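The values are calculated or read from the model by the stated rules, or taken from the named source; none is laboratory data. What you see is a predicted model; the values in this text were computed from it and never measured. Because the Cβ atoms are built from the backbone with ideal geometry, glycine has one as well, and the counts that use them run over all protein chains shown. Just the protein is used for accessible areas: all its heavy atoms, side chains included, with ligands, DNA and RNA removed. Shrake-Rupley method; radii C 1.70, N 1.55, O 1.52, S 1.80 Å.
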Amino acid sequence: MMRADLELIHRWVPEGAHILDLACGDGTLLEALARDKGVTGYGLEIDPAGITACIAKGVNVIEQNLDEGLVHFEDDTYDLVVMTQALQALRRPDRMLDEMLRVANECIITFPNFAYWRHRVHLGIRGYMPVSKSLPHAWYDTPNIHLSTFNDFEHLCREKGVHITDRAVGIGDHEGHWATRLRPNLFGEIAIFRVARQERR
Amino acid sequence: MPELPDDSVGLVTPQTAHFDDPLALACGRTLPAYDLVYETYGTLNAERSNAVLICHALSGHHHAAGYHDADERKPGWWDAHIGPGKSIDTNRFFVVSLNNLGGCHGSTGPISTNPATGRQWGPDFPMVTVSDWVHSQARLADRLGIERFAAAIGGSLGGMQVLQWTRLYPERVANAVIIAATPKLSAQNIAFNEVARQAIRSDPDFHDGWYAEHGTAPRRGLKLARMVGHITYLSEDAMGSKFGRDLRSTDLNFGYDVEFQVESYLRYQGDTFSTAFDANTYLLMTKALDYFDPAAEHGGVLAEAVAPCQCPFLVVSFTSDWRFPPSRSRELANALIRAGKRVSYVNIDSPHGHDAFLLPEPRYQAVFAAFMSRVARELGLEETA
């Protein structure tokens with residue numbers, strides 16, 4: 001059973017696509033996509049345990065720190081770039097978005113929504129940095145240095161002229177909740193965006 | 001008789017395969033006949049699908065694992081990774097490890113007799129390249145009834161042979177593991193090799209390579225060559241932590257005898273090597289390193305050079321390796337990625353420099369074992385022992 005956000009991405013990735021999965025973790029998504037949809041490509045990861053797990057699965061994994069960008073990858077060489085739950089941990093998420101849309105025309109990005117109502121309660125009412133299922137770390141040891149909200153991300157896309165072609169929100173692990181469209185910036189815990197370059201071919 | 005460790009392949013005996021089919025070499029010359037000495041560990045299964053080829057590095061040989069006799073002080077050079085339950089698990093895999101042509105450990109090389117003259121080959125032994133080695137290894141595979149290796153594996157110069165295997169015999173390699181290698185030597189790498197060669201060739205005992213006929217050997221030159229090589233195998237940190245500025249005695253003696261521990265170590269390494277290795281072989285092997293550049297025949301585009309490769313690759317580098325640094329392994333991985341090949345690249349944190357590929361290190365072992373387990377699983381290999 002895959003994580004709910006991965007389930008949805010699995011549905012969005014086209015058959016036979018050549019993709020990059022940034023921060024691919026233990027390779028669960030790439031393994032499932034290769035098995036079910038004939039998808040090829042590479043995962044990028046820096047966590048040693050994740051890398052070993054990928055290799056054990058037969059998932060192609062490249063040890064690379066995403067803060068270095070995607071310099072080793074040429075323009076327009078992939079159908080799609082996926083990045084789950086890593087945007088908020090990067091030094092420059094805006095530059096990564098540019099990089100992703102340089103190597104592929106389309107990207108799928110997921111990140112925790114800082115404006116989720118539970119997070120707002122933590123900060124706005126109780127006066128503490130939010131800790132939740134999607135933000136499990138304490139303020140002092142969190143890798144998440146660039147937290148944002150749905151609104152923030154949409155604003156960034158507008159500024160960059162990036163098309164948002166699809167959007168889903170999630171609450172917890174339940175797939176049934178993914179369709180939630182009502183005030184997503186308040187009720188969505190995890191954002192899943194599908195974005196493309198302005199000039200679509 | 002001392003007991004051998006449980007995770008050792010135990011006592012092993014080298015074997016020799018003789019070949020009468022002439023081998024045309026890249027240099028234009030032909031070896032009319034030759035011997036290859038090799039060892040095997042584990043059991044070849046009925047389908048002959050579990051064979052693994054080990055390719056050795058500059059000063060390596062066929063004795064990669066186990067012991068030749070119970071009193072042998074040290075096991076084979078890659079014993080840390082080959083054996084029952086180890087990364088290359090001999091309970092599943094049948095391991096073939098040979099001494100390359102031009103070597104000095106039993107395979108035909110400069111110290112063998114040239115049948116045409118009755119003299120030792122000496123400096124007249126033809127220059128062999130990585131491709132020549134691969135072709136000769138393929139003949140050994142034929143002899144052993146191995147149509148396709150489950151994996152070809154090598155570190156350093158051994159990794160270059162593996163890369164060449166995947167290009168020249170793509171249908172005969174199911175998986176490739178290339179460790180601490182490079183797709184070609186840098187100017188600095190060639191420069192170090194040239195210093196080593198000049199050290200040997202300028203030794204008065206070299207006699208243009210005919211030293212054996214003069215009843216001598218260029219031991220001083222070979223010692224210097226090894227000392228300089230050894231510096232490039234270790235990292236600055238590894239040398240620093242091993243020796244620092246430690247002195248052999250308490251006081252400086254203002255002379256040129258051994259004073260610092262690092263001097264003592266290098267001299268010892270050089271001395272040991274110079275009595276155990278053949279200088280002409282060392283010269284040949286360094287040239288094979290220098291010449292290796294599969295991208296050259298493709299306008300320098302490595303991604304085109306690897307186009308014929310079919311198998312999944314594991315490319316491994318070590319953070320402190322400055323002989324063939326991580327960037328060189330990454331260059332290879334990038335070319336494979338550009339060519340759309342299946343490849344994983346791992347950069348292991350190690351303080352041991354280039355030598356790290358020989359040593360056990362938990363993360364290195366975990367990655368290596370994970371890859372080999374996947375190979376065994378995909379090929380449906382059962383335990384044979």
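When the residues of the range A:41-61 are filtered to those that are open to solvent by 10 Å² or more (accessible area, probe 1.4 Å) and free of Cβ contacts under 8 Å to residues at least 24 places away in the same chain, which remaining residue is farthest from the other protein chains (Cβ to nearest Cβ)?
Per the criteria, the residue is A:D47.
Exactly one condition in (1) closer than 17 Å to B:F125 by Cα; (2) crowded, with 19+ Cβ neighbours inside 10 Å is false for B:P32; which is it?
Answer for B:P32: the failing condition is (2).
With the checklist (1) in contact (Cβ under 8 Å) with a residue 12 or more places away in the chain; (2) more than 13 Å from every other protein chain (Cβ to nearest Cβ); (3) open to solvent by 30 Å² or more (accessible area, probe 1.4 Å); (4) not in a loop (DSSP other than H, G, I, E, B) in hand, flag the one item B:T286 doesn't pass.
That leaves (3) as the condition not met.
Of all residues in the range B:1-29, which are without any contact (Cβ under 8 Å) to a residue 40 or more places away in the chain, more than 21 Å from the chain's Cα centre (by Cα) and assigned to a strand (DSSP E or B)?
Hits for the range B:1-29 are B:H18, B:A24.
Give me a count of the residues in the range A:25-40 that are over 18 Å from the mean Cα position of the chain (by Cα), open to solvent by 50 Å² or more (accessible area, probe 1.4 Å) and either at pLDDT below 95 or away from chain B (no Cβ under 11 Å) (or both).
2
Please verify whether B:L101 is buried (at least 23 other Cβ atoms within 10 Å of the Cβ) and over 25 Å from B:R323 (Cα atoms), treating the condition exactly as stated.
Against the criterion (buried (at least 23 other Cβ atoms within 10 Å of the Cβ) and over 25 Å from B:R323 (Cα atoms)), B:L101 does not qualify.
Filter the range B:320-341 down to the residues that are in contact with a helix residue (DSSP H, G or I) (Cβ under 8 Å, 6 or more places away or on another chain), open to solvent by 30 Å² or more (accessible area, probe 1.4 Å) and farther than 12 Å from B:A356 by Cβ, then identify the one that is nearest to the other protein chains (Cβ to nearest Cβ).
In this case the residue turns out to be B:R338.
Name the single residue, out of those in the range B:349-368 being facing chain A (nearest Cβ under 9 Å) and among the aliphatic types (A, V, I, L, M), that is most open to solvent (accessible area, probe 1.4 Å).
B:A366
Quick check, is A:Q64 under 17 Å from the mean Cα position of the chain (by Cα), at the interface with chain B (Cβ under 10 Å from one of its Cβ atoms) and among the polar types (S, T, N, Q)?
When the stated conditions are applied, A:Q64 passes them.
Identify all residues within the range B:81-107 that are part of a loop (DSSP other than H, G, I, E, B), over 15 Å from the mean Cα position of the chain (by Cα) and farther than 20 Å from B:T275 by Cβ; write none if there are none.
Of everything in the range B:81-107, those that are part of a loop (DSSP other than H, G, I, E, B), over 15 Å from the mean Cα position of the chain (by Cα) and farther than 20 Å from B:T275 by Cβ turn out to be B:P84, B:G85, B:K86, B:S87, B:T90, B:N91, B:R92, B:F93.
Out of the range A:72-88, which residues are within 10 Å of another protein chain (Cβ to nearest Cβ) and either β-branched (V, I, T) or surrounded by 18 or more Cβ atoms within 10 Å (Cβ to Cβ) (or both)?
A:F73, A:T77
So B:D237 fits all but one of (1) at pLDDT 95 or above; (2) among the acidic types (D, E); (3) assigned to a helix (DSSP H, G or I); (4) over 30 Å from B:P312 (Cβ atoms); what number is the exception?
Among (1) at pLDDT 95 or above; (2) among the acidic types (D, E); (3) assigned to a helix (DSSP H, G or I); (4) over 30 Å from B:P312 (Cβ atoms), B:D237 violates only (1).
Of the conditions (1) open to solvent by 30 Å² or more (accessible area, probe 1.4 Å); (2) more than 22 Å from the chain's Cα centre (by Cα); (3) not charged (D, E, K, R), B:N45 satisfies every one except a single condition; which number is it?
Going through the list (1) open to solvent by 30 Å² or more (accessible area, probe 1.4 Å); (2) more than 22 Å from the chain's Cα centre (by Cα); (3) not charged (D, E, K, R), B:N45 breaks only (1).
Between B:D7, B:D20, which is open to solvent by 50 Å² or more (accessible area, probe 1.4 Å) and at pLDDT 95 or above?
The unique qualifying residue is B:D20.
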